[in-house]
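*Asks:* Pasting in a structure now, in structure tokens, and then I'll have a few things to ask.
The values are calculated or read from the model by the stated rules, or taken from the named source; none is laboratory data. In this text, all values refer to a predicted model and were calculated from it rather than measured experimentally. Using ideal geometry, Cβ is built from the backbone for each residue, glycine included, and neighbour counts are taken over all protein chains shown.
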Amino acid sequence: MKRRAHALEGVTVVEFGGYAAGPAIGKYLANFGARVIHVESMSRPDGFRLQYPPYKDDRVGIDRSGCFAFFNDSKQGVSLDVKHPRALALIYRLMARTDIVVENMRPGVMARLGLGYPDLKQHNPALVMLSTSNLGQTGPRATHPGFGSQLSSLSGFTELIGAAGGPPSCLYGPYIDMIAVAYGGAAVLAALDRQRRTGEGAFIDLAQYEAGLQFMAPALLAYVTNGVSPARDGNRDLVAVPHGCYRCRGDGWVAISCWDDDEWSRLAETMGEGSLVSDAALSRASGRRAREADLNAAIETWTSGRDAADVIVALHRANVHVAPVNTMRDLYDDPQLAARGVWQSFDHAELGPMRYRMVSYQLSDTPGRVRSAAPRLGEHTEAVFKDWFGLRAEEFEELSAQGVFS
Amino acid sequence: MLLSPYRVLDLTGPLGFLTGRILADLGADVIKVEPPGGDPSRAWPPFHEHGGARQSLYWMAFNANKRGITLDLESANGQFVLRALARSADFLIESFPPGHLTRHRLGYDDLHRQNPRLIVVSITPYGQEGPHRDHPASDIEIMAASGAMSLAGEADGEPMRVSLPQAAQWAGCEAAMGALTALVHRTCGGEGQWVDVSAQAAVVAALAHAPVFWDLNGINPERAGVYITGRSVTGAHMRAFWPCKDGWINFIVYGGSAGRHTNQQLVAWMDERGMGSATLRTIDWPTFTVPELTQDEIDAIEAPIGRFLATLTKQQFLEGAAARQMLGYPVSSADDIHHDPQLAARGFWQEVGAGRPGGAIRYPGGFALVDGHRLPIRRPAPEIGEHNDDVYGHLLHDSPTVA
């Protein structure tokens with residue numbers, strides 16, 4: 001048998017929709033060799049292209065969105081007017097060569113377009129389809145629109161972030177959408193595996209809300225078992241003390257935590273704080289917790305006179321939990337992320353060189369990678385429909401003249 | 001179920017619990033392997049306390065749907081048994097420090113020799129290689145090193161993590177994708193392989209597109225508390241969190257097509273409640289955009305909205321916003337979530353563990369509906385060694401060499 005170079009070679013994914021929650025799944029699959037076709041139209045491009053910064057050099061343009069690019073590397077982009085009757089027929093033909101459809105339109109929209117799972121399945125009984133939406137395909141609020149940045153509040157995340165008694169704080173951007181991306185990705189891969197074994201298709205209804213609640217499960221169980229809703233509590237931890245972030249010289253911060261009494265004594269010794277080392281009341285976690293604010297102040301007095309890098313070296317030498325609070329700028333210089341090849345640069349006609357994110361897992365025999373920059377709107381329409389799908393030149397031209405690819 | 005044919009050996013600590021849970025939710029037979037006496041995380045608070053006994057909520061949450069056995073991997077016999085179990089497994093998931101299993105003669109090469117089809121998934125804070133691979137890291141260090149904390153908390157104040165640890169869930173979830181990517185490869189004719197997962201790199205996914213601001217335009221996004229950033233070219237802040245009668249509401253004044261309907265509906269809703277604002281009524285919402293607004297202009301828009309939202313409860317806002325198809329949600333507590341009719345209508349909650357110490361508990365259900373069926377919680381998290389007889393009896397039967 002021919003040796004497979006890519007884990008997902010021979011797998012074809014077609015995406016309808018936009019923003020992060022649907023398309024980011026395809027990016028994960030494309031990084032391991034799947035052919036992923038991102039469907040947009042000239043009149044309805046992906047919402048990330050024009051609605052969200054950043055744009056290259058702050059100039060808005062259909063192919064200048066860094067936000068769109070970040071979630072769509074390694075894919076082919078086609079433009080197709082899905083409301084055109086002949087486009088519908090073409091999509092039905094395309095389904096025979098499609099393994100997975102991912103869509104994140106508002107519930108009901110795909111069915112109205114003739115693209116619901118029963119419609120598509122007629123053209124490929126083995127089709128796997130994932131519909132991912134804010135609140136799910138069913139239920140009294142199924143069609144209530146929403147963005148991930150706010151859904152992170154409905155699902156309780158922002159309730160648990162910020163100082164005790166203070167206001168909640170934002171989590172950056174569509175945090176919960178990215179949770180749903182990982183769950184959606186796992187579901188389509190499991191369904192793809194069954195398809196390859198048995199020839200069966202599957203329809204997956206994923207609510208981003210419910211996916212996010214998986215991450216909240218201990219808090220939900222806390223309410224059921226103890227009758228109390230957990231509340232935000234700054235950076236405190238139920239076990240480790242001290243546990244927090246500390247300002248360093250300049251604008252850096254470090255996170256430090258002590259998980260047992262020995263680790264605390266190593267921290268105190270490294271700080272050279274004899275009075276803390278010898279204070280028997282602090283040798284037990286309960287004693288440290290009673291004076292946590294004082295300890296945090298003492299630690300910050302020590303860190304604030306030092307560069308974050310020096311604090312980290314000293315505490316690692318003492319085998320104390322510590323890490324830099326990396327900013328976005330820092331991530332691109334982080335030696336560990338660099339060693340894993342997390343940032344992979346590709347050139348793009350309008351964006352220039354941009355560093356795309358390789359996913360967090362790597363496979364030993366069939367390693368993944370970012371394969372190409374994100375597509376310009378409609379960049380691969382001809383390549384996909386003529387070269388790969390096999391439309392004859394006359395047919396492609398005729399459909400094109402009728403506006404199917406607009 | 002989708003993964004019914006497969007068996008998983010789950011050797012993980014808390015950093016990797018979720019991966020096996022996801023494979024189990026999808027139908028795999030996941031066997032949680034604990035040291036004799038149980039996983040140390042069983043002693044982690046918070047607890048479900050009942051009749052003098054207590055169970056860790058983390059353990060309960062992320063080990064549901066798994067069977068449980070005990071095995072001493074420090075002993076040669078235990079290592080021998082694990083190798084035997086690995087011969088009939090499809091996946092082995094572990095989260096020991098890099099090199100630990102190799103020193104126990106259970107590293108990837110050893111396991112691969114036992115079973116070339118085995119998919120080994122290793123989940124660590126930083127990955128198997130690289131300069132930081134041996135650094136100790138718990139949730140807060142991983143959240144810090146991934147960049148997530150730099151974006152949360154008050155402007156110029158202490159960077160914040162989510163009070164409920166998150167890094168393990170990100171790592172576990174992305175690891176499940178890695179495991180299943182390797183599975184598809186194997187089903188299509190490949191062998192087993194080693195999946196190396198970095199929790200730090202997994203949490204970078206949580207940042208969405210925040211890093212791109214730096215890469216494309218040299219702007220380093222910062223935390224801003226209750227405000228959102230990245231929407232304005234004047235540097236103005238827009239509020240996301242508003243105090244209401246019984247908590248907080250997440251509402252953002254969006255411009256363009258995204259905000260038009262919501263803003264028009266808000267004005268009408270305020271008028272109906274006798275809290276209309278001349279400032280808001282005169283705005284032409286179809287042409288309204290945000291990026292060029294000054295802070296003074298934003299303040300003038302937000303002041304009447306704040307007065308209005310302060311008169312609502314979280315539930316009134318949710319119901320009103322849904323009826324009007326407006327964007328925005330309350331900041332829900334666990335209590336609110338348990339009473340959300342949307343979740344009830346979709347059969348999200350599942351009673352699990354009737355007849356066990358502590359009684360039946362209402363669990364959040366599986367993460368999706370497949371072909372119309374909620375992925376079920378088939379069993380609660382296992383007691384220590386609960387399935388030793390099942391698993392070892394079966395093994396002895398299958399493999400006389402173990403006896």
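*Asks:* What pairs come up if the first residue lies in the range A:249-267 and is more than 8 Å from every other protein chain (Cβ to nearest Cβ), the second is among the acidic types (Asp, Glu) and not in a strand (DSSP E or B), and their beta carbons are under 7 Å apart, counting only those six or more places apart or on different chains?
*Replies:* A:Arg249/A:Asp307; A:Gly250/A:Asp307; A:Gly252/A:Asp307
*Asks:* May I ask you to say which residue of B:Ala144, B:Ala175, B:Ala137, B:Ala182 is more than 18 Å from A:Ala180 (Cα to Cα), in contact with a Phe, Trp or Tyr (Cβ under 8 Å, 6 or more places away or on another chain), part of a helix (DSSP H, G or I) and not acidic (Asp, Glu)?
*Replies:* B:Ala144
*Asks:* Within the range B:236-255, is there a residue that is at pLDDT 95 or above and more than 14 Å from chain A (Cβ to nearest Cβ)?
*Replies:* Yes, the range B:236-255 contains a residue that is at pLDDT 95 or above and more than 14 Å from chain A (Cβ to nearest Cβ).
*Asks:* Can you tell me which residues in the range B:342-362 are facing chain A (nearest Cβ under 7 Å) and either farther than 28 Å from A:Phe147 by Cβ or more than 22 Å from the chain's Cα centre (by Cα) (or both)?
*Replies:* Hits for the range B:342-362 are B:Ala345, B:Ile361, B:Arg362.
*Asks:* Just name the residue that is surrounded by the most Cβ atoms within 10 Å (Cβ to Cβ) out of those in the range B:218-240 that are in contact (Cβ under 8 Å) with a residue 60 or more places away in the chain and polar (S, T, N, Q).
*Replies:* By that ranking, first place goes to B:Ser232.
*Asks:* Please tell me if A:Thr303 is touching a Lys or Arg at 6+ places or on another chain (Cβ under 9 Å) and either in contact (Cβ under 8 Å) with a residue 24 or more places away in the chain or surrounded by 16 or more Cβ atoms within 10 Å (Cβ to Cβ) (or both).
*Replies:* yes
*Asks:* From B:Gly178, B:Gly172, B:Gly192, grab the single residue that is more than 7 Å from chain A (Cβ to nearest Cβ), under 15 Å from A:Ala7 (Cβ atoms) and in contact with a strand residue (DSSP E or B) (Cβ under 8 Å, 6 or more places away or on another chain).
*Replies:* None of the other options fit; the residue is B:Gly192.
*Asks:* To continue, here is another question. Go through the range A:53-92 and give me each residue that's of a type in the set (Asp, Glu), closer than 28 Å to B:Ser232 by Cβ and not in a helix (DSSP H, G or I).
*Replies:* If the condition is that a residue be of a type in the set (Asp, Glu), closer than 28 Å to B:Ser232 by Cβ and not in a helix (DSSP H, G or I), then A:Asp63, A:Asp73 are the ones that fit.
*Asks:* Right, something else. How many residues are hydrophobic (A, V, I, L, M, F, W, C), under 17 Å from the mean Cα position of the chain (by Cα) and over 18 Å from A:Gly148 (Cα atoms) if we restrict to the range A:12-35?
*Replies:* Going through the range A:12-35, the residues hydrophobic (A, V, I, L, M, F, W, C) turn out to be A:13-14, A:16, A:20-21, A:24-25, A:29-30, A:32, A:34.
Next cut, under 17 Å from the mean Cα position of the chain (by Cα) only: A:20-21, A:24-25, A:29-30, A:32.
Those left that are additionally over 18 Å from A:Gly148 (Cα atoms): A:29-30, A:32.
Of the residues in that region, 3 qualify.
*Asks:* Let me ask another. Examine the range B:62-77 for a residue that is more than 13 Å from chain A (Cβ to nearest Cβ) and in a helix (DSSP H, G or I), and state whether such a residue exists. Give the steps one after another, and end with the answer.
*Replies:* Here is the first cut: in the range B:62-77, the residues more than 13 Å from chain A (Cβ to nearest Cβ) are B:66-77.
This time we only want the ones that are in a helix (DSSP H, G or I), so: B:76-77.
Yes - at least one qualifying residue is present in the range B:62-77.
*Asks:* Let me ask something additional. If you scan the range A:162-190, which residues turn out to be within 7 Å of chain B (Cβ to nearest Cβ), hydrophobic (A, V, I, L, M, F, W, C) and either farther than 18 Å from A:Met216 by Cα or surrounded by fewer than 24 Cβ atoms within 10 Å (Cβ to Cβ) (or both)?
*Replies:* A:Ala186, A:Ala187, A:Leu189, A:Ala190
*Asks:* Can I ask one more? Has the range B:35-43 got any residue that is in contact with a strand residue (DSSP E or B) (Cβ under 8 Å, 6 or more places away or on another chain) and part of a strand (DSSP E or B)?
*Replies:* no
*Asks:* Could you tell me which residue of the range A:195-213 is surrounded by the most Cβ atoms within 10 Å (Cβ to Cβ), considering only residues that are more than 27 Å from A:Ser152 (Cβ to Cβ) and of a type outside the set (A, V, I, L, M)?
*Replies:* The qualifying residue surrounded by the most Cβ atoms within 10 Å (Cβ to Cβ) is A:Gln195.
*Asks:* For B:Ile123, all conditions in the list (1) part of a strand (DSSP E or B); (2) facing chain A (nearest Cβ under 7 Å) hold save one; what is the number of the exception?
*Replies:* So the condition that B:Ile123 fails would be (2).
*Asks:* Out of A:Leu8, A:Leu50, A:Leu29, which single residue is more than 15 Å from A:Val109 (Cβ to Cβ) and assigned to a loop (DSSP other than H, G, I, E, B)?
*Replies:* A:Leu8
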